[in-house]
Amino acid sequence: MDSSDSTSLRSREWVWALYDVATSSFATTVMAAFFPVFFKQFWARELPVTESTFWLGAVSSVGALVALVLAPVLGALSDAGGWKKPLLALCAFLGVAMTAGLFWIETGAWELALLLYGLGLVGFSTGMVFYDALLPTVTVPSRFEHVSAFGVGMGYLGGGALFAVNILMTQKPEWFGLPDVTAAVRMSFLMVAVWWFVFTLPLLLVVREPSARRASGSAVRAGLAQLRDTFKHVRRLKVVMLFLGAYWLYIDGVDTIVHMAVDYALAIGFDASGLMLALLITQVVGVPSTLAYGRLGQRFGAKASILVGLVTYALLVVWGSVMSRQWEFFGIAVGIGLVQGGVQAMSRALYARIIPKEKSGEFFGFFNLLSKFAAVLGPVLVGVVSYATGEPRLSILALLVLFGLGGALLWYVDVAEGERCASEL
């Protein structure tokens, strides 16, 4: 890439970041907020609560498992065939079509709703492999931290803006010409699909992918052979192995907080009415803070920035274990917004520095594979401590183990050595 072509460089960075805007709408409006509630109250309202919870959890797990299996394989194929953009388009349009389909599912058709949601999860999760892998293509190493943070920040801005509109639609459906809350939620799914589609197009039209290393006829065989070789390379790249171990631990803690914060707040007696607002607060705060994190990472390095974020998370966990008033939950939501996007963005940027650029697809396949395994150990730790002590406040302190061990391993990651080893492969 010609780093002197600053105008072209900035345009590629912008359109790449817009895909974060596209997918954040699905992550926030569909995954985190509306689908779980609407599934129970509309599509599966005739099912017992325990049964609907089982099926929702089962489909979420199956979707994550399918994406987990596909990620490294498709990543290797994208490297060998030069197919990052085509495969990203395939995954994105799968997610778009499935999300739009939710608009037309009638009440009681819970099996079909789950099928569309599960396929949408696969498209969303697998597409992120190719999106992340395009980072070394759209910018230069000196701007990895800034551009990665810019993408996450834009995602918070886009996803938060649409989510705010969707919440308003459910509160005041008549303002939007909708008859009731049910119509508002269904329209929200359609809006997410359109949003995802529109903000995917700039990346597909503007970003140029490097030429394929193999002819298309042999790319599949070459990609699978390359995947086998990558296992050997990963074992040789000790810095990559160390970072992936650290990342798995601390991102497990981060994702556990995302998935269990509302449940924890309810368990200690907080009212549910304000918790959706706390989720929106995290999105709003995440926009400027993640962009600031990019500047911090450029100046002090991604590793140092992640460590600052992990210390902040540890302090928030301690605060959460002793909070007694609901306003404190909002304070913690602000704190999470300050560091959540930054930790995610700097992790992606650091990893991009220590892997071979020409194998970014398959290496980011492993990176995203670990992301799918995230929030596995954390909930178990929280559940075991809660069961053993009978005190939810003590259970959240178990996350300090993940942040502490993850931070300790990250401390020993030698980024310069990782860059040198990656350049030799």
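The values are calculated or read from the model by the stated rules, or taken from the named source; none is laboratory data. From a predicted model like this one, the values you see are computed outputs, not experimental measurements. Positions of Cβ are generated from backbone atoms using ideal geometry, with glycine treated the same way; all protein chains shown enter the neighbour counts. Accessible surface areas use protein heavy atoms only, side chains included; no ligands, DNA or RNA. Shrake-Rupley method; radii C 1.70, N 1.55, O 1.52, S 1.80 Å.
Note down the nm distance, to one decimal, between modelled labels 7 Å out along Cα→Cβ at residue 206 and at residue 41.
About 3.8 nm separates the two model spin labels.
Given the Cα-Cα distance of residue 11 and residue 315 and 0.36 nm per residue of separation, how much length would full extension add, in nm? Could you put the intermediate results ahead of the total?
Numbers: separation 304, 0.36 × 304 = 109.44 nm, distance 3.84 nm.
Extending this stretch completely gives an extra 105.6 nm.
With +1 assigned to the C-beta of every Lys and Arg and -1 to the C-beta of every Asp and Glu, and no other charges, what is the dipole magnitude of the stretch 32-167 about the Cα centre in debye, to the nearest 20? Mind dumping the intermediate values first?
Values: 5 positive and 7 negative charges, 54 e Å.
I would put it at about 260 debye.
Hey, can you rank 21-31, 280-290 by average C-beta count inside 10 Å, highest first?
21-31, 280-290
Grab the beta carbon distance between residue 165 and residue 326, set R0 = 22 Å, and tell me the FRET efficiency rounded to 0.05.
On the way: r = 25 Å, r/R0 = 1.15.
E between residue 165 and residue 326, to the nearest 0.05, is 0.30.
Need the list of lysines near residue 238 for cross-linking: C-alpha distance under 26 angstrom, and skip anything on the same chain fewer than eight residues off.
Filter leaves 303, 357, 359, 372.
Can you give me the distance in nm between label points at residue 408 and residue 90, each placed 7 Å from the Cα along the Cα-to-Cβ direction?
The two pseudo-label positions are separated by 4.3 nm.
Charges only on Cβ, +1 for Lys and Arg, -1 for Asp and Glu: so what's the dipole of the stretch 321-373 about the Cα centre, in debye to the nearest 20? The partial results should precede the final answer.
On the way: 6 positive and 3 negative charges, 20 e Å.
Roughly 100 debye for the stretch 321-373.
Ignoring ligands, DNA and RNA, how do 241, 154, 191 rank by accessible area with a 1.4 Å probe, largest first? Let's see the in-between values first.
Values: 241 90, 154 30, 191 55 Å².
Greatest to least solvent exposure: 241, 191, 154.
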